[in-house]
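Read the figures in this text as sums done on the coordinates, not as results from a lab. Because the structure is predicted, anything quoted here is derived from the model rather than measured. Cβ sites come from the backbone with ideal geometry, for glycine too, and all protein chains shown count toward neighbours.
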Amino acid sequence: MSAAPKLEAPPAGDLVLETRGLTKDFRGFVAVSGVDLKVRRGTIHALIGPNGAGKTTVFNLLTKFIQPTAGTILFRGRDITRARPADVAREGMVRSFQVSAVFPNLTVLENVRVALQRPLGTSFHFWKSDQTLRALHGRAVELLEAVDLAGHRDEVAVELPYGRKRALELATTLALDPEVLLLDEPTQGMGHEDVGRVVELIRRVAAQRTVLMVEHNLSVVADLCHTITVLQRGAVLAEGSYADVSTNPRVLEAYIGVPE
């Protein structure tokens, strides 16, 4: 793990997301063990670690797809440990997934307009006339411009290259206007050019919100993230800037087998 220049975090702000002793036991297998996570408002925070470290399980716990065995999750100071996934999303914490999740046979613009209907409770009103949906048009175009897809608005999603599909997924996630955006492997499976494009998109959208991301590409982590939490076997191994964790002997041992 090569060192990178230390990114300066925004001025110390309040915690927007916190876990205390977060634990998940699957019938004797402890996937997440006593994780204390503190995500500050306005930062880009990464969860990294070797395969099987528990990163995706932590994401599933935060977004309530699974319930913890023990511990507490606080969002904006409020206990959401037993909240439902839809309630967490409505509160302003929204997740994108490893696999692109868009409607393949709708156009790029139509995908974003469908996403904009979700907060209105009309996500599946496909029979509504184009005139009825026109009120969403302006905002949909703004979101496409934010992720550099305005020139592809009339293309069918299935025909987009992989990197642009991920950009479309980001646009549909932003349609929910999240305060905290959770990104699960946003550059997975991408070539160098697409990785660079997505990194710049994340940097742009993070200017107005908090981002927590799971990412295997350590160059992306070094470039983007203010704080990195390293997991190993479900527990926190180290935390700090990339410069700090990339020279930590315990982290080096976990990643490449260098003895302490």
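Please compute the length gained on full extension between R139 and E193, using 0.36 nm multiplied by the number of residues separating them and subtracting their Cα-Cα distance.
Values: separation 54, 0.36 × 54 = 19.44 nm, distance 2.76 nm.
Gain in length upon complete extension: 16.7 nm.
When only DSSP loop residues count, what GluC sites (Glu not before Pro) in region 152-222 have their Cβ near at most 15 other Cβ atoms within 10 Å?
Working: sites: E155, E159, E169, E179, E193, E200, E215; in loops: E155, E179, E215.
Filter output for region 152-222: E155.
Is any residue of region 20-61 close enough, with backbone N under 13 Å, to a label point placed 7 angstrom from the Cα of D79 along the Cα-Cβ axis, and if so, which?
Under cut-off, by backbone N: 20.
Could you sort out which of K38/K165; K24/K55; K55/K165 sit more than 21 Å apart by Cα distance in this structure?
On the way: K38/K165 31 Å; K24/K55 12 Å; K55/K165 24 Å.
Beyond 21 Å between Cα atoms: K38/K165; K55/K165.
Name the residues of region 15-37 whose amide N is less than 20 Å from a point 7 angstrom out from the Cα of Q67 along the C-beta direction?
From region 15-37, the list is 19-35.
Tell me the label-point distance for the pair R20, R233, using the 7 Å Cα-to-Cβ offset, in nm and rounded to one decimal.
2.7 nm
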